[in-house]
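The values are calculated or read from the model by the stated rules, or taken from the named source; none is laboratory data. Fair warning: this is a prediction, and the values are worked out from it, not measured in the lab. With ideal geometry, Cβ positions are generated from the backbone for all residues, glycine too; neighbour counts draw on all protein chains shown.
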């Protein structure tokens with residue numbers, strides 16, 4: 001099997017390929033070419049990278065202006081700052097002005113680990129979901145990352161791409177297809193469905209995707225796009241298996257789980273349902289893996305959540 005990389009590495013490599021093909025492609029960074037794995041990009045095509053320094057609001061404004069001039073623009077900065085300090089600029093300069101900027105939140109979720117809640121971006125889905133005219137994408141593995149970057153480069157609407165720092169194992173796809181706004185079926189099952197974002201999909205498959213958990217068959221669907229929501233996939237998950245767990249490296253408030261719960265409740269589809277994510281509190285300090293374990297967003301934690309939910313059926 002092909003060795004897995006951090007999605008950021010694949011992002012940077014794919015972006016450089018596109019830059020060699022089209023000189024109109026530009027990257028704007030806020031002192032983040034190192035953390036964004038863009039140093040080779042800057043060295044190879046120095047005329048296609050713009051550095052604004054630690055000034056996220058300026059970054060978004062510059063990116064919007066370049067996009068208005070016809071450039072293909074990727075605005076790259078840590079997700080925790082980009083979707084907080086520059087939220088007004090994303091709302092007005094990009095979305096309201098309909099500029100097809102590719103907003104790239106790097107080191108997202110709890111990637112910064114021990115740096116603590118100030119550096120964790122567990123709010124970005126909630127904040128951006130409430131803004132009209134932006135697609136929100138969190139690729140799970142290297143395959144989805146490459147396909148998402150290629151799709152974003154061609155898109156005529158604003159897009160938010162979210163990446164973490166760790167190497168991401170390849171998901172075992174029955175069919176390697178990718179389409180923005182469409183969930184991917186990773187494993188078929190009949191008793192319960194995991195709807196997972198980003199790195200969380202692998203844990204669902206690895207620990208809970210077999211018949212070994214009390215004889216239950218667990219289905220897993222990877223959702224790389226949170227907005228627009230693949231409503232058909234959510235309905236199918238609920239009606240085909242009769243129980244749903246959403247998993248995300250985000251607050252339980254305002255993310256994938258609440259989007260799915262809202263859809264099902266409003267359509268009168270009632271099944272045992274659980275949102276697995278980060279509770280409404282300042283996160284504990286530790287490595288990314290330690291934080292995931294603490295909040296039950298690892299294999300054993302997800303298996304326990306599945307057992308408890310299945311007991312309610």
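Test residue 33 against the criterion of being closer than 22 Å to residue 121 by Cβ, at pLDDT 95 or above and either not assigned by TED's automatic domain parsing to the domain that holds residue 148 or not in a helix (DSSP H, G or I) (or both), and give yes or no.
Numbers: closer than 22 Å to residue 121 by Cβ: yes; at pLDDT 95 or above: no; either not assigned by TED's automatic domain parsing to the domain that holds residue 148 or not in a helix (DSSP H, G or I) (or both): yes.
No.
For residue 131, the conditions (1) in a loop (DSSP other than H, G, I, E, B); (2) over 17 Å from the mean Cα position of the chain (by Cα) are fulfilled apart from (2).
For the range 220-235, the candidate set comprises residues that are part of a loop (DSSP other than H, G, I, E, B) and touching a helix residue (DSSP H, G or I) at 6+ places or on another chain (Cβ under 7 Å); within that set, the residue that is nearest to residue 129 (Cα to Cα) is 229.
To keep it simple, each residue is scored yes or no on (1) surrounded by fewer than 24 Cβ atoms within 10 Å (Cβ to Cβ); (2) in contact with a helix residue (DSSP H, G or I) (Cβ under 7 Å, 6 or more places away or on another chain).
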position: 22; (1), (2): yes, no
position: 30; (1), (2): no, yes
position: 61; (1), (2): yes, yes
position: 66; (1), (2): yes, no
position: 70; (1), (2): yes, no
position: 85; (1), (2): yes, yes
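Looking only at the range 241-256, residues that are surrounded by 24 or more Cβ atoms within 10 Å (Cβ to Cβ) and in a strand (DSSP E or B) come to 7 in all.
Test residue 238 against the criterion of being buried (at least 18 other Cβ atoms within 10 Å of the Cβ), in a helix (DSSP H, G or I), in contact with a strand residue (DSSP E or B) (Cβ under 6 Å, 6 or more places away or on another chain) and at negative phi, and give yes or no.
yes
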